[in-house]
Amino acid sequence: MTHPSDGAEPKVWIGIEKVDDGGLWETHQTLKACLLDFVRRRVSEQKQRRGALPELLEQLRGSRWYY
């Protein structure tokens, strides 16, 4: 059984050609940034709960990985 939002249903794609490429890409980038922020916060919280040194947490927050 498929879910209608998984793309297998032809009616999901009706009007897809009208979607603005730039708007779609901007939405993708925004959602990606939100996901990365969520993951970074969770990793930082996990490391803190597990007793990571404050210096390590600061280093992670200040690194390019964390931005």
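A simple packing score, the average count of other Cβ atoms within 10 Å per residue, orders the peptides 31-37, 11-17 as 31-37, 11-17, with the highest score first. Computed from phi, the 3J(HN,Hα) profile of the stretch 19-27 under the Karplus parametrisation 6.51, -1.76, 1.60 (θ = phi - 60°) reads 6, 5, 4, x, x, 5, 5, 4, 5 Hz, with x in place of Gly and Pro. 3J(HN,Hα) couplings calculated from phi for the stretch 41-55 with the Karplus curve 6.51 cos²θ - 1.76 cosθ + 1.60 (θ = phi - 60°) are, in sequence order, 4, 5, 4, 4, 5, 4, 4, 5, 4, 8, x, 4, 5, x, 5 Hz; Gly and Pro show x. Dipole magnitude for the stretch 22-67: computed about the Cα centre from +1 point charges on Lys and Arg Cβ and -1 point charges on Asp and Glu Cβ, it is near 200 debye.
None of the figures in this text is laboratory data; all of them are computed from the coordinates on show. These numbers come from a predicted model, not from an experiment. Reconstructed Cβ throughout: ideal geometry from the backbone, glycine too, with neighbour counts over all protein chains shown.
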